[in-house]
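Read through the structure below, which is laid out as structure tokens, and then see the notes.
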Amino acid sequence: MSDFTMINCCLIFSACLLSSQAVWSQRVRVEPEVTAYPNGSVNLRCEFTNSGSTKLTQVSWMFERVEGDRHNIAVFHPLYGASFPNKDFEGRVSFTQGSLENPSIRIDKLRMADAGRYICEYATYPSGNEQGTTTLIMLAKPRNSATAIPVQAGSSEVVVARCEAAQGKPEATISWITTVAGRYNHTSVPETDGTVTVKSEYRMIPTPAENGKEITCLVNQRTQIEPRAFPLKLVVEYPPTVTIEGYDNNWFMGRTDAVLTCQADANPAPTDVTWTAASGQLPPSVRVDQNRLLVMKVDEAVNTTFVCEVKNSLGSGKKELAATVIDQPLPAPTSSAGPVIGGIIAAIIILCLIGAGVAMYHKRRQSMANGEGPPKHKPPPPMTSGSSTEMLNKPQDKTTTITETQLLGNYETSYYETNSAEPVTDLDDDNTGPPANGGTPTVWDGSGHPPGKGDTSDETLPPYEPADQNDVEANYSNVAREESFVSKAMLV
């Protein structure tokens, strides 16, 4: 047999052996990982399944804090009973059932040092030892705290807030939420019991404007359902900044309601407020009421400069105000409400007019789009009172007919006229027949010579017969517009 064949056989045998050991080890059922807290208790379950013909002789629990360093903490034998050889677990470990089939143990009064690997190992025949491993993870809820550090306003960067998550396991993470410009850092310190303390500091250049601004510390850790929030307010200390309010430039002689108020912005709060006059003593007509200066009556003595000085533990601040006394009160300012209201009303009216115009414009465009534009026919001409047309325009039993005239000149637009009740006369027709108005001369027929004075005729006119309406309409449609209202010369 060649060396190559022997090597292959050895590899196959080793694989089979490892596979069988893996199958056997699956018969020891344990939990791969459990968690617990200091001073609490934990159950480590172990069970041998599908033993079949395998004989169980003994079971042992071993503790491995670091890999390779194992110590027996509990042993169970069906004849000799239970044994707990490790002093570190004495009085804290026990079997829950006390049988080879289910040798689960319970550990009480847990310590952070109890974290590690726990091996449940069976001694069997004929397969040998079989085991399962459970990892115990000790968790520690951190002691969280946060505080704002009082600082004085200045130009150097200092720590203004501090946040801490002490003795937690696993290590906590800290973050900050604020609108104040600054930066923060973290430090982690391992403790002797296996926990970790995390500290974070927020740094910035403090100014009076940052006093009272909000800043929040967030602590996140595995044992917490959600991050713990610690809202804080920055504390920046500074000396007083003083202002004087109440002067309206209208201190006239005899006024009795003049008041000056001394306001101070300071941290810590002001401890002392003092009113003085630049000329020395305060005028006898004024009285001091805490931070207010009451002028009992305005006279020439209050025509001076008043000084308010405010102190706190960090320093002092002062403000001066020069008062001027006048003989007569200033005229009351006119109210600006009237012009404002008038302007608002005018703006509303203008907007309404614009809206109405826009609405009419859109309505007109819509009407034209729907074919509702202005009429395309020419209405009948108005009748003059007393004219021959009016005399002839008497009611007749005729139905209204509408005829379309011929095109006018060069325009292509046609129009309609009604000729229902208007009788046909020689004003509207150039027929050569008898006149329809009972003797009025006919219109010029265009023959080149209009009828003159010498043209007389002894012919007897035929009796009047109304012209046929169809003929009238036909002839009327052929008359040019410029000839329709021109009559021949008449002899009087």
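The values are calculated or read from the model by the stated rules, or taken from the named source; none is laboratory data. Computed from a predicted model, the values in this text were never measured in an experiment. Note that we place each Cβ from the backbone using ideal geometry, even for glycine, and neighbour counts take in every protein chain shown. Side chains included, ligands, DNA and RNA excluded: accessible areas come from the protein's heavy atoms. Shrake-Rupley method; radii C 1.70, N 1.55, O 1.52, S 1.80 Å.
Quick notes on this one:
- Cleavage-rule hits (GluC sites (Glu not before Pro)) in the stretch 20-101: DSSP loop, at most 15 neighbouring Cβ within 10 angstrom: GLU67, GLU90, GLU101
- Summarised as an ellipsoid, the stretch 19-146 has semi-axes of 28, 16, 12 Å, derived from the eigenvalues of the Cα gyration tensor scaled by 5 and square-rooted, with the largest first.
- Local charge for ARG292 was computed over the other residues whose Cβ lies under 13 Å away, with Lys and Arg +1 and Asp and Glu -1, and equals -2.
- Positive dipole terminus of the stretch 117-267, leading residue within CYS163, THR135, ILE205 (C-beta point charges): THR135
- Remark: the stretch 55-70, residue by residue, has Karplus-estimated 3J(HN,Hα) of 9, 8, 10, 6, 10, 9, 10, 10, 10, 10, 6, 10, 4, x, 10, 9 Hz, where x stands for each Gly or Pro and the curve is 6.51 cos²θ - 1.76 cosθ + 1.60 at θ = phi - 60°.
- The stretch 232-292: C-alpha gyration tensor shape, a/c 1.5 cut-off, then a/b vs b/c: prolate
- The residues of the stretch 83-125 present an accessible area of 48 Å² per residue when probed at 1.4 Å with all protein chains retained.
- Net charge of Cβ neighbours under 12 Å - reference ARG106; Lys, Arg +1; Asp, Glu -1: +2
- Reported value for the stretch 110-230: 124 Å³ per residue, from the convex hull of its C-alpha atoms.
- Cβ-based charge dipole, the stretch 272-335, positive-most Cα from THR304, ALA278, ASN291: ASN291
- Restriction of the GluC sites (Glu not before Pro) in the stretch 133-219 to DSSP coil positions whose beta-carbon has at most 14 other beta-carbons within 10 angstrom yields GLU157, GLU191.
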